[in-house]
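Peer 1: Have a look at the structure that comes next, please.
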Amino acid sequence: MTDKIISAKNVELKFGRGSEEVVALKNISLEVGAGEFVSFIGPSGCGKTTFLRTVAALEKPTSGHILVNGVSPDEARTNRAYGYVFQSAGLYPWRNISKNVSLPLEIMNYSREEISKRVSESLNLVELNGFEKKFPWQLSGGMQQRASIARALSFDADLLLMDEPFGALDEIVRDHLNEQLLDLWQKTGKTICFVTHSIPEAVFLSTKIVVMSPRPGRIVDVIKSPFPSSRSLEIRDSKEFISISQRVREGLRSGYDYNENKG
Amino acid sequence: MTTMRIRANKFLKKIAEKILPILTILFLLTVVWYFFTIYLNSAMQIDKYDRQGISWNISKLVLDTMSQERPKLPAPHQIAEEIWKTTVEKKITSKRSLIYHSSITLSSTIVGFMLGTVLGVVLAVSIVENRAMESSLMPWIIASQTIPILAIAPMIIVVLNSLGFSGLLPKALISTYLSFFPIVVGMVKGLRSPDIILVDLMKTYNSSKVDIFFKLRLPASVPFLFTSMKVAIAISLVGAIVGELPTGAVAGLGARLLTGSYYGQTIQIWSALIMASILAATLVFSIQAIGYLVSKKMGYTNEEA
């Protein structure tokens, strides 16, 4: 075991061929240590989601090396090393909340007692106990997303990959869920990779912020956060918060030419 | 008390909202029907008056056009009377009971429909799980439906008869031939309906193809299955009736249609037709009701039923 949960070296990924070719990731080198909360931020097309998918073995890099928990992403998937949360909750409409959370456990052949224990634990973590028998359409968007986080937590993987999980929610709900997520991260000590479009969200949550830029998708800046792991929403008014936000913004601007498409 | 009355009122209102439009159209159709009954049958009636030297006026003519024995177009009440006589007043075992004939047609409809559903689901699964199957099977499946069923039905009956199959099975197979198609199309769509992220999600659990199929694709396809089953059962009935035409018309609604046309028994033809449409409506409604219950049990919202 190594305490580097993810280590990527010169990862490159291309989609398509010839004139259709798009370089989604170029020269990505990055390490994520155990217990870190890493945000990936950048405009659309910068490869932040693609990188997450590469870690999850949903995409294969064209060249370069990537290790998850010290093994290849494919192997890490076989070991069930990570839970993945998508932008939309992706709950199964024909399963109630507890059945949705138990889905991965059923596939991984857990015993019935173990399943019911883990389901109630996971629902507890996202404060959804009492909603076991409700169907997804009976829940608000924020609650659905919490249920999908509970589903990713249920089999107790050390690594949580989250692809803009709160992107479709309004700001008030999002603030609340961000606090809950921080709380959950501290309680469980998991490593979290979190893709987002929102600068305040990234700065508020992360111990490390990875600023990315499109065409080709690359890392332009990696910022370590000075904030303690236990933090409240108030830090958003502090000087450090504003200066880190500024640095993120500059990173985004430097890597992105807004007139590129007009040429 | 008042809440109950309000609830009852709401219920009645709901019924009225659903039934009134249907009744309005039914009323208009009946009016048009009577008009055409009088219009189409009057020439023959006047001819009869002339031959027999009977003096007549308009009201006598109108009444007589609606009570001919072999009218060009029987009046709705004549058909209703015939249906009443051949269902309620006849023993079910009688060869002249419309219930007896309906049950013959119904049994081959159901058997054919069930075979068609199984065949359709099997084909759809193999198409979704195997690309080669899609490119090799799909064109033939579509081609099979371009052949007029009236042309191929006698062939099926003759071939199966010479192989020793007669009675219910050949007719059921014609229903199968028609009904598997909507099932294939609907199920392929249903099995492919899950969002790409749901499939990706299953992949992150390192789940097998079998798991993806049984835990994701199959449950997601259920609403699609019921929609196509509604189409399939209606055309199964058509298939069964068509299958009864070339068999020499021994029994079944198809036989009633055929013997009716042999002897110019228009009332018999129309009552068999009406019976067939009542049957079709009942079958479609039953599938819809089962589909509704299943969706509700599965937890889908009501609007998807």
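The values are calculated or read from the model by the stated rules, or taken from the named source; none is laboratory data. The structure presented is a predicted model; accordingly, all values stated were derived computationally and were not measured. Using ideal geometry, Cβ is built from the backbone for each residue, glycine included, and neighbour counts are taken over all protein chains shown. Protein only, heavy atoms only, side chains kept; ligands, DNA and RNA dropped before computing areas. Shrake-Rupley method; radii C 1.70, N 1.55, O 1.52, S 1.80 Å.
Peer 1: Can you pull out the residues in region A:134-177 that are within 14 Å of chain B (Cβ to nearest Cβ) and part of a helix (DSSP H, G or I)?
Peer 2: Correct list: A:P136, A:W137, A:Q138, A:Q144, A:Q145, A:A147, A:S148, A:I149, A:A150, A:R151, A:A152, A:L153.
Peer 1: Among the residues of region A:233-245, are any without any contact (Cβ under 8 Å) to a residue 24 or more places away in the chain and either buried (at least 18 other Cβ atoms within 10 Å of the Cβ) or assigned to a loop (DSSP other than H, G, I, E, B) (or both)?
Peer 2: yes
Peer 1: So, one more: May I ask you to say which residue of A:Q144, A:Q186 is open to solvent by 10 Å² or more (accessible area, probe 1.4 Å), closer than 26 Å to A:L205 by Cα and out of contact with any helix residue (DSSP H, G or I) (no Cβ under 9 Å at 6 or more places or on another chain)?
Peer 2: Within the list A:Q144, A:Q186, the selection yields A:Q186.
Peer 1: A further question follows. Looking for whichever is open to solvent by 10 Å² or more (accessible area, probe 1.4 Å) and either at pLDDT 90 or above or under 12 Å from the mean Cα position of the chain (by Cα) (or both) here; the options are A:T196, A:T207. Which one fits?
Peer 2: A:T207
Peer 1: Do we find a residue being at the interface with chain A (Cβ under 8 Å from one of its Cβ atoms), free of Cβ contacts under 8 Å to residues at least 24 places away in the same chain, open to solvent by 30 Å² or more (accessible area, probe 1.4 Å) and assigned to a helix (DSSP H, G or I) anywhere in region B:216-226?
Peer 2: no
Peer 1: Right, here's the next one. Just checking: which of the helices (runs of 4 or more DSSP H) contained wholly in region B:1-87 hold 1 or more residues that are farther than 20 Å from B:Q268 by Cβ and open to solvent by 70 Å² or more (accessible area, probe 1.4 Å)?
Peer 2: Of the helices (runs of 4 or more DSSP H) lying wholly inside region B:1-87, those with at least 1 residues that are farther than 20 Å from B:Q268 by Cβ and open to solvent by 70 Å² or more (accessible area, probe 1.4 Å) span B:2-52, B:58-65.
Peer 1: Restricting the search to region A:1-35, which residues are open to solvent by 80 Å² or more (accessible area, probe 1.4 Å) and touching a Lys or Arg at 6+ places or on another chain (Cβ under 7 Å)?
Peer 2: A:E21, A:K26, A:N27, A:E31
Peer 1: Of the residues that make up region A:36-45, is at least one farther than 23 Å from A:A150 by Cα, free of Cβ contacts under 8 Å to residues at least 40 places away in the same chain and open to solvent by 50 Å² or more (accessible area, probe 1.4 Å)?
Peer 2: For region A:36-45, residues farther than 23 Å from A:A150 by Cα, free of Cβ contacts under 8 Å to residues at least 40 places away in the same chain and open to solvent by 50 Å² or more (accessible area, probe 1.4 Å): absent.
Peer 1: With the structure loaded, tell me whether A:A89 is modelled with pLDDT under 95 and facing chain B (nearest Cβ under 10 Å) or whether it fails that test.
Peer 2: When the stated conditions are applied, A:A89 passes them.
Peer 1: Any residue in region B:159-177 that is of a type in the set (G, A, S) sitting within a Cβ distance under 7 Å of a residue that is in a helix (DSSP H, G or I) and surrounded by fewer than 17 Cβ atoms within 10 Å (Cβ to Cβ)? List the pairs, counting only those 6 or more apart or interchain.
Peer 2: Taking only residues 6 or more apart or on different chains, not a single pair turns up.
Peer 1: Among the residues of region A:100-114, which ones are surrounded by fewer than 20 Cβ atoms within 10 Å (Cβ to Cβ) and of a type outside the set (D, E, K, R)?
Peer 2: A:I107, A:M108, A:N109, A:Y110, A:S111
Peer 1: Next up: Answer with yes or no whether A:A57 is within 14 Å of chain B (Cβ to nearest Cβ), open to solvent by less than 50 Å² (accessible area, probe 1.4 Å) and in contact (Cβ under 8 Å) with a residue 40 or more places away in the chain.
Peer 2: The answer is no for A:A57.
Peer 1: Where the second residue is open to solvent by 30 Å² or more (accessible area, probe 1.4 Å) and in a helix (DSSP H, G or I) and the first is at the interface with chain B (Cβ under 7 Å from one of its Cβ atoms) and lies in region A:94-110, which pairs have Cβ atoms under 6 Å and are six or more apart or on separate chains?
Peer 2: Filtered contacts from region A:94-110: A:W94/B:M298; A:I107/B:D211.
Peer 1: Report whether or not B:I157 is at pLDDT below 90 and open to solvent by less than 50 Å² (accessible area, probe 1.4 Å).
Peer 2: Against the criterion (at pLDDT below 90 and open to solvent by less than 50 Å² (accessible area, probe 1.4 Å)), B:I157 qualifies.
Peer 1: I'm trying to understand the selection: among the residues of region B:236-273, which are part of a helix (DSSP H, G or I) and open to solvent by 50 Å² or more (accessible area, probe 1.4 Å)?
Peer 2: Matches in region B:236-273: B:V238, B:S261, B:Y262, B:W270, B:L273.
Peer 1: Taking region A:122-141, which residues are in contact (Cβ under 8 Å) with a residue 24 or more places away in the chain and open to solvent by 70 Å² or more (accessible area, probe 1.4 Å)?
Peer 2: A:E127, A:K133, A:K134, A:W137
Peer 1: Next up: Just one of (1) under 15 Å from the mean Cα position of the chain (by Cα); (2) surrounded by 21 or more Cβ atoms within 10 Å (Cβ to Cβ) trips up A:I97, so point out which.
Peer 2: So the condition that A:I97 fails would be (1).
Peer 1: Then there is this: What about B:M202, is it touching a residue at least 24 places away in the same chain (Cβ under 8 Å) and on the phi < 0 side of the Ramachandran plot?
Peer 2: So B:M202 fails the test.
Peer 1: Shifting gears a bit: Name every residue in region B:198-214 that is of a type outside the set (G, A, S) and either more than 7 Å from chain A (Cβ to nearest Cβ) or in contact with a Gly (Cβ under 6 Å, 6 or more places away or on another chain) (or both), in order of residue number.
Peer 2: Residues satisfying the conditions are B:L198, B:V199, B:L201, B:M202, B:K209, B:V210, B:I212, B:F213, B:F214.
Peer 1: For B:F285, are the conditions met, namely being surrounded by fewer than 15 Cβ atoms within 10 Å (Cβ to Cβ) and assigned to a helix (DSSP H, G or I)?
Peer 2: Yes: the conditions hold for B:F285.
Peer 1: Looking at region B:176-192, is at least one residue open to solvent by less than 20 Å² (accessible area, probe 1.4 Å), closer than 30 Å to A:L159 by Cβ and within 14 Å of another protein chain (Cβ to nearest Cβ)?
Peer 2: Scanning region B:176-192 turns up no residue that is open to solvent by less than 20 Å² (accessible area, probe 1.4 Å), closer than 30 Å to A:L159 by Cβ and within 14 Å of another protein chain (Cβ to nearest Cβ).
Peer 1: With B:Q265, B:Q288 as the choices, which residue is over 21 Å from the mean Cα position of the chain (by Cα), away from every other protein chain (no Cβ under 14 Å) and in contact (Cβ under 8 Å) with a residue 40 or more places away in the chain?
Peer 2: Being over 21 Å from the mean Cα position of the chain (by Cα), away from every other protein chain (no Cβ under 14 Å) and in contact (Cβ under 8 Å) with a residue 40 or more places away in the chain holds for just one of B:Q265, B:Q288, which is B:Q265.
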